[in-house]
Every structure is written in structure tokens, then in C-alpha cells.
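Student: Take a look at this one; I'll ask things after.
The values are calculated or read from the model by the stated rules, or taken from the named source; none is laboratory data. Remember, predicted model here, so these are calculated numbers, not experimental data. Note that we place each Cβ from the backbone using ideal geometry, even for glycine, and neighbour counts take in every protein chain shown. When the accessible area is computed, the model is the full protein with side chains, heavy atoms only, and any ligands, DNA or RNA have been set aside. Shrake-Rupley method; radii C 1.70, N 1.55, O 1.52, S 1.80 Å.
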Amino acid sequence: MKYQFTVSAEGIKRTLADTFTSDITFLTELCQNAQRAGASQVSIDYLESERILIITDNGVGFSETGWESFFTVGQSGWGKEVIQTQNPFGIGCAACLYSASEICIRSGEYQVHFFTEALLGGDDVEREKLDDEITGSIIMLKLKAEINIDQILHSVKSTFEAFSIPIILNNEIISRPLALDSDRNFIETELGHLTLVKPDLNDSVSRSSIRGFNVGYILQGFKLKDSASIPNAWIHLRPEKYRARVPDRDCLVGDVSSIQKRAKEILKEVYRQQLEDKHKQVGLDEFSKHHWFEANAFAPELIEKAPAPSFLFFTPGTIPFEGYDDKFSNGEVYNGNSIELYTPKDFLDRYVFELNSECVFDEYDADSFIFGNYAHLLSDLYLDPRDIPFNHWLQDKLVKWNNNDEIGSTLLPKGDVREFTVSTAGFFNKQVVLCDSYELTVDGLTNKNGEPVNLGSVTSETVAISFASAIYIPSKCTSIESVCRQTVNVNKGHWEFEVDEEYLSQIVKELWSVTHIKRGGSISDLLLNIISEHDAEIKVLANELENKEYHITFTPDASMEITEIFH
């Protein structure tokens, strides 16, 4: 017994409707057929009261073989050139049959008029001669009830925005901003014609300004589902080289990942060429000020020897603490208006701290804050190493925090030094050291090459820090909020990173009160502050308390005995 591959016509008729995944496929097929027939435009009109959609074109109309091909799935009546360049499949009629209940086609000197259910059931369609010959074609579809015409009409504008000939919807010309005959600039590539969504180079003074490699794909005038959701560029793929999956023709067939990979490489080359052209046009200094981040991403060799713009640098707003990332600001270095340029001469005796190292802290390891404290006290600059080319001269000036045993640190309190422990809110037997000033030294720092960097010691009279499980508060310190956040978890919950402001306020207030008294502050003022916190209750008891006097006695364990004094 021998077998041959055959196709069941009845089976195809029965299942073909389920292969279409888009309600608008019949419309794109008809418009594409019109374009292949040499039409210079297509009109789409909808008669709402009758649910009739009329597609009119001014092409050459149906040829003798075209009539037959229209009613045959998989057979194309187009010429050799169209077949070679567009790979027509012959599904125009099929798409219409499952979208409409009744169809009328007029072209040249003929017309056909039939009910789709009857045709699918095996009835013949008779071609009739028109009284007057028409130019092009007119196709009228009485749409089935399940076809969502409102959705189709709404999607026409986006569906045809890259189509090769004008589309007129209910007497309104549809905008085609991505069409090859639009006023966009297209670059010819091996994949096809590429156009950038944003054709001009914008100022690139932050990492967020770097354009991406998201590519959208267009084949024979229609956008494909293989496109990125928000493309940075569109490519009209070469129709003679690439094919779309039938019947909807909305996604590529073949090695799609290789196409996407090559498209990204081409887009990077386009970006690079733009940057090279701009570099030659404006010179290195102006180029560095306005196009740094894109150059670093796409053409880093252009800025390897460039001066460093001020927007690269950051200054720490406070000493570090958990959730500290948003406390970094480059406002003190770059105010958004004037961009300064730094050259190697500006860094002969100066270093830059690596931002990545400083931003990662272990909340259970107090030593991990040493580097951040040290850098803040030096009032120096931070830089993210990702923002400069690998061979840029600033790389040699980057100080790294290695967090290993080779790092050594010492803190020496100076002047009037007082030590005590507290168990106020947030603390339990926490050591506090009051001093006039302290000197912090960190050894074992290196640059990116592992070479030692000695920045010396730094002295502070104003900033409270945590060091070796103790809190150091110098005499001219005016705020301890940051050091409290450095030593106490003040989030509302373990997995809730919102700060409990009321709890933080209590921690700061209690520790600050104790510090104030230890430095010779008035205990009477402290007691008055404590009593004033209950001002509302005291006012209620005003009559009972009038002219009353009380004596407070403190015991060695800080408990109180209160007795009323009678006269």
C-alpha cells in the first residue's frame, strides 16, 4: 500500500476559522491585496445601521486568474515579482468568509455576490457582468454579529501607521508616521530600513537618559508581535528576505532570536555613529557635558581622556544608615544649571570614593558603616564606577572599600571625655562616649588596582557616629538622628521599610536628654520637660494642684519617691 500527502478541503473549511487570532486580519489582507494591485490609496467606510464595511481601492482590479485565486486558499494570482518580494499566501477570501455573512465584490466589468455560509457549504458563486465598468475594486462585507467592529475601527490607526499607501477611514486620512514614504529619516541596513523613535541626540546627564536597544519590527507595512513593547527604533524588514507566520502574518518565522540579536547590534552601531558625528561637531568638552552617559554606553573610547563633568559626582548628605540610598545627592556638586569639568590636575592630591562600596551596609555589622562615616567626615566625592569608561583616568582615583581583614580603623576621642551606658528607647546598655572631638583613621584602603591609598585621619567636633559598638558624640554636635538610625532599626516592621517616625523621635529625644544632662545641663529643665508632656492631664487637675508643693527624692537605682510638702 502506498500513500500520498493530501489535504481535506472539508477539514480545512471546518477548522480554518479557528486559525485566525485577530479580528482585523481580513481587513489587513484586503488592503495588502489592493497595494499589490497597484492602488495608490484604500478607502474604508462603515455603514453602521447595516453593519456593512466597504473597502475601495484604485488599483488594477481583479484579473481573470485573480478572481479564481481569490476563492482558493493557498493559491496566489500575483505576478512573479510580487511573489518573490512579498510571498503572498492566498488567504484574503478565507479571512473574509469567517468575518462576514454576506459579501459583494465589484471589479472591472464584473461582480460577485454571495452568502458565506452557502459558499462554505459547497454552493457555486456566479460572476455577473456590470452595466458600467469600474476602476479598481469595491468589496462590501456584511459583518457577522460576533465581529467587534468598534474594536476593529479603533485599531485601524495603529494597525496601518506603517502601511505603504494611504488609508482613508470614513473620509479621514489615517496618519502613517512609520511608513517608508513618511518624512522620517530611514537608515538602510542589512535587515531593512531602520528609523529611530527619537532621531536626535538629547542631553545625557544621567543614566536614565540612555536610550535602550528595544526594536520594533515591521513587515510589508504591518507591525509584528515580535516587537518590543516600547521600541527605541523600528525596522522595516526586507520583505524578500523575511516571512511572517500565516494566517495573521503578525509574527516572524525562522530564527527570530538571531534577527533580534542582530537588530540590537545594528541599533548600537547607529547610536555610535550619531555620537561620533556629534563629537566631531562640538568638540570633547561640550560633548562630555551633554552626551556623557550615552557615550559611556555606546562609544566609551570617545570619553576615555575627557574631563569629568560635575554631574558624575555625589556627596553624602549624612553619615550612612540602613535605607540610606535616597540620602545621596549630587546637588552640592551639580545644581542642574552649570556643569563644571574636572581634569586630572584637579585630582593630583585627591581621591574619589566608590559609590557602590558605600551603599551596601550590613545592619548587623557596625563595622560596615566605618567607611561611610570616614568618607562623610572627609566631605569628599563619590562616583559610581559604572559611569566612567574602564580606562578613564578617574579609575585610578577611585577608593574601594574591600570589607576584609586588611582594613584597619581607630577612633581616638579627645578633650573632656565621659563614658556611660544608656538603656533609653531603642538601646540596652549601649555605650555612649562624650568628647570635645574625635579623630578617625582608616587604613588598608586601595584603588581599583589594589594599590594602597592613604587618606590620613579626619577630626570632627560636630558629627556623632557609631564606632566599635559605641556612640561618639562630640561637643558641637547638634543632631543625633543619623547616628540613632545607624544603630537602631527604626522601620515599622522587619519587612516594612517605612520609618516609624514617632519611634525615631522618641529614641532621639531620650538619648539627647541624657546627653544634655551629662554635659551639665539643668535637671530641673529635664523634669519640667517630662511634666510638660502631660500638660493636658495637669490642666484637668488644675484645681486639685493649685498651690501644692512636692518633694522628689531619687534613689541610687534612679527610682523616685515623691512626698507632698505641707506648710
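Student: For the pair ILE168 and SER182, how long in nm is the line joining their label points, each one 7 Å along Cα→Cβ?
Tutor: For ILE168 paired with SER182, the spin-label model returns 2.1 nm.
Student: Specify the inter-centroid distance of the range 130-202 and the range 273-325, based on alpha-carbon positions, in whole Å.
Tutor: Distance between centres, Cα-based: 41 Å.
Student: Carbon and sulfur: what percent of the range 97-164's accessible surface (1.4 Å probe)?
Tutor: After summing per-atom areas, the C and S share lands at 43 percent.
Student: For the range 339-348, in order, what is each residue's ³J(HN,Hα) by Karplus, 6.51 cos²θ - 1.76 cosθ + 1.60 with θ = phi - 60°, in whole Hz (x at glycine and Pro)?
Tutor: 3J(HN,Hα) across the range 339-348, in whole Hz: 9, 8, 10, 10, 10, x, 5, 6, 10, 4.
Student: Set Lys and Arg Cβ to +1 and Asp and Glu Cβ to -1, take the dipole of the chain about its Cα centre, and tell me which of PRO307, ASN491, LEU275 lies farthest positive.
Tutor: The Cα lying farthest towards the positive end belongs to LEU275.
Student: As a quick test, which of the pairs LYS430/LYS492; LYS241/LYS278; LYS157/LYS280 have an alpha carbon distance above 29 angstrom in this structure?
Tutor: In this structure, LYS241/LYS278; LYS157/LYS280 exceed 29 Å between Cα atoms.
Student: Highest mean first, what order results for 541-549, 454-462 on Cβ atoms within 10 Å?
Tutor: 454-462, 541-549
Student: Here's something else I'd like to know. May I ask you to compute the full-extension gain from THR563 to VAL499, defined as 0.36 nm times their residue separation minus their alpha-carbon distance, rounded to one decimal in nm?
Tutor: Full extension of this stretch gives 18.9 nm more.
Student: Continuing with the same structure: Can you tell me the dipole magnitude for the range 463-533 around its Cα centre, using point charges on the Cβ only (Lys, Arg +1; Asp, Glu -1), in Debye to the nearest 20?
Tutor: 460
Student: I've got another one for you. Please give the per residue accessible area of the chain, computed with a probe of 1.4 Å over protein heavy atoms only, in Å².
Tutor: Per residue, the chain has an accessible area of 55 Å².
Student: How large is ³J(HN,Hα) for each residue in the range 221-238, as worked out from phi by the Karplus curve 6.51 cos²θ - 1.76 cosθ + 1.60 (θ = phi - 60°), to whole Hz, x for Gly and Pro?
Tutor: x, 10, 6, 9, 5, 6, 6, 5, 5, 10, x, 8, 7, 10, 10, 7, 5, 5
Student: Keeping all protein chains in position, work out how much accessible area ASP285 exposes to a 1.4 Å probe, and write it in Å² to the nearest 10.
Tutor: 80
Student: Could you run the Karplus curve 6.51 cos²θ - 1.76 cosθ + 1.60 with θ = phi - 60° over the range 438-443 and give me ³J(HN,Hα) per residue in whole Hz, x for Gly and Pro?
Tutor: Computed from phi, the couplings for the range 438-443 are 9, 10, 10, 10, 10, 10 Hz.
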